[in-house]
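I have placed the structure first, in the form of structure tokens, so that the comments after it can refer back to it.
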Amino acid sequence: MDRRSTPGRGTAADSGPGPDGTPAAIGRRVQRLRSERGLTQRQLAEPAYTPAYVSTLEAGRVRPSETALRHLADRLGVTYDELATGRPARLATELRMRLVEAQRTLATGGAEDAAVSYGELLSEAALHGLDDERATALLGLGQCALETGDLPAARDHFEAAEKALADAPLPRRAPAVRGRAVAHLLAGELRYACYLLESAIDELNASGLHDPGALLLLYTASIAPYMDMGAHARAAQAGELALALAPQVSDPELVAGLHRSVARTLIAAGRTAEADASLARAAEIYQQLQIRTELAHCHWMRGYVRAQDGDLPGAEAELRAARDMLASKRAALYTAQVEVELADVLRRRGRAGRAQELLHRLLGELHPERGAVHAGGAHRLLGLIHEERGDLEAAEEHYVSALALLERAGAVGDLADICRLLGDLLRRLGRTEAAMDAYRTGLGHRASPGSTTLGPAPVRPPTA
């Protein structure tokens, strides 16, 4: 699998010309500003420098020192940064304010609208060589691409953000790493998602750069791929380490993400009441922050909890609420994933025809490179529907399709179940040997070690 950026996506990776800090450009700026203010070279130079020095500087034949530039900037009534780089005064501050506005648009409105703002800000930040603001705009574009389901673009933007922050400390790069991991997770590349997160966690801990917020972000992000891979023990460990870090973190959005992710480990352990309480805490924070996508995810997971407890009407209400919120934000991929869960509830409530119709539509939106795990789930549900109707041949086709998708993604947590369903079906058809093969495949996945990632478990942070 090619991990490199997709060719042709220059917007994310290009850094632009940057600020013009060449001696010739600085000289031209000094001469223009001096003329605009009606100053002679002597008046600008005194008392620290000579008119000859200013003349040489304006001709671009000497690179002025920082001390000289600060003197000249003070005499000309501009900031040092404006004189040294040509950036308009307060540009960085204004860009940061507009980045906050774009983030608010993403939280409360549509991702396409936010992407337009982020794209404009990216161009401006690149033009003036503002790397931090450029990286923030790239992160925003990556989040927009995740919501719209354009996973290749999301990966490109997050990778470009990492490159823009190449010289920054690892905690500053953590959101970009997390974004890349989520993009690979949604594409069904679970092992690589875990590898990215584990590598960053180990590097962060080994470097001594103990940053509770960055560690919390990375540990929390690792829970979902661990769960999908069937590594429940490691997911629970990541959750415990994140919970230990939570008291040191002041960002409420990070804390809400922790509660939402830890709920998955509680559900897997059968502790549904605790999971529901954890989701309620997360939902309360997201409601206060007006982050609609994450609030929708809380409804989504609460629907799953209700379904696990047998409260199918409650599950349907929660899932429909999540679906409607995500659809209103045009978050296409997440909407499709929620509808797979909704189809399962509809089937269990006796509306198999409606569930089948919904699932066939969803399979046009979900495929191996875009929601492989949920595409496998859709085929599994269609197999169940056909089996319940006695159409065993169609059921087998869907089970086999689900098996191929889940094996490719490495979703061990679901593979054993689909192998059991396929084996039982083949046994009903009298194909005993094929049924035994299916059972053996499932047992092989169940017997795999608790870690199905590319390395040992991440080291425990010193203070956790």
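Bear in mind these aren't lab numbers, they're just calculated from the coordinates by the rules spelled out. Here the structure is a predicted model, which is why all the values come from computation and not from measurement. Counting neighbours? That spans all protein chains shown, and the Cβs are built from the backbone with ideal geometry, glycine included.
To the nearest ten degrees, helix 212-228 and the longest principal axis of the Cα atoms of the chain are 30 degrees apart.
Around the amide H of R271, modelled in the peptide plane, lies no amide H under 5 Å away from a residue 5 or more places distant or on another chain. Expressed per residue, the C-alpha convex hull volume of the chain stands at 158 Å³.
Each residue in H232, H297 was given a count of other beta-carbon atoms within 10 angstrom of its own, and listing them fewest first yields H232, H297. In percent, what relative contact order does the stretch 339-454 have, based on Cα pairs under 8 Å that are 6 or more apart in sequence? The normalised contact order for the stretch 339-454 reaches 17 percent. Pairwise inverse Cα distances across the stretch 23-85, averaged and inverted, put the Kirkwood hydrodynamic radius at 11.1 Å. For the stretch 18-97, the set of trypsin sites (Lys or Arg not before Pro) satisfying both a DSSP loop assignment and a count of at most 14 other C-beta atoms within 10 Å is given as R37, R61, R90.
Need the full-extension length gain, E120 to T272, defined as separation in residues times 0.36 nm minus the C-alpha distance. One decimal, nm.
Values: separation 152, 0.36 × 152 = 54.72 nm, distance 4.47 nm.
50.2 nm is the gain from fully extending E120 to T272.
A simple spin-label model places the labels of L392 and L243 4.6 nm from each other, with each point 7 Å out along Cα-to-Cβ. Restricting the calculation to Cα atoms, the stretch 339-454 yields a radius of gyration followed by a Dmax of 14.1, 42 Å.
Put simply, the stretch 287-359 fits an ellipsoid with semi-axes of 21, 15, 7 Å; these come from the alpha carbon gyration tensor as the roots of five times its eigenvalues, largest first.
Residues in the stretch 308-314 carry Karplus couplings, in order, of 4, 7, x, 8, 5, x, x Hz; the curve used is 6.51 cos²θ - 1.76 cosθ + 1.60 with θ = phi - 60°, and Gly or Pro positions show x. Restricting the stretch 294-384 to GluC sites (Glu not before Pro) that sit in a DSSP loop and have at most 16 other Cβ atoms within 10 Å of their own Cβ leaves E369. Extension gain for T108 to T432 (0.36 nm times residue separation, less C-alpha to C-alpha distance): 111.2 nm. Here the Debye sum runs over all C-alpha atoms of the stretch 177-286 as equal scatterers in vacuum, and log10 of I(q)/I(0) at q = 0.11, 0.14, 0.15, 0.23 Å⁻¹ comes out as -0.32, -0.52, -0.60, -1.32. Less than 5 angstrom separates the built amide H of R370 from none of the residues sequence-distant by 5 or more or on a different chain. With a Förster radius of 56 Å applied to the C-beta separation of A48 and R354, the computed FRET efficiency comes to 0.10.
Round to the nearest 10 and give me the degree value, 0 to 90, for the angle of helix 252-268's Cα axis relative to the longest principal axis of the chain. The helix 252-268 is inclined about 20 degrees to the chain.
The equivalent ellipsoid of the stretch 59-152 has semi-axes of 36, 13, 8 Å, largest first, where each one is the square root of 5 times an eigenvalue of the Cα gyration tensor.
Once the cut-off is 17 Å, how many percent of the Cα-Cα pairs in the stretch 241-370 end up in the long-distance tail?
Counting every Cα pair in the stretch 241-370, those more than 17 Å apart make up 61 percent.
Per-residue extension of 0.36 nm, minus the Cα-Cα distance of L39 and D74, leaves a gain of 11.3 nm for this segment. Using the Cα coordinates of the stretch 62-102, the gyration tensor eigenvalues translate into equivalent-ellipsoid semi-axes of 27, 10, 6 Å, sorted from longest to shortest. State the percent of C-alpha pairs, over all pairs in the stretch 106-211, separated by a distance greater than 23 angstrom. Every Cα pair in the stretch 106-211 considered, those over 23 Å come to 28 percent.
For the chain, the longest principal axis of the C-alpha atoms and the axis of helix 272-289 are separated by about 30°.
Applying 1/(1 + (r/R0)^6) with R0 = 51 Å to the Cβ-Cβ distance of A25 and R361 gives a FRET efficiency near 0.35.
Taking K and R as +1 and D and E as -1, what net charge do the other residues with C-beta under 10 Å from the C-beta of A409 add up to? Computed value for this residue: -2. Using C-alpha pairs below 8 Å separated by at least 6 residues, the relative contact order for the chain is 12 percent.
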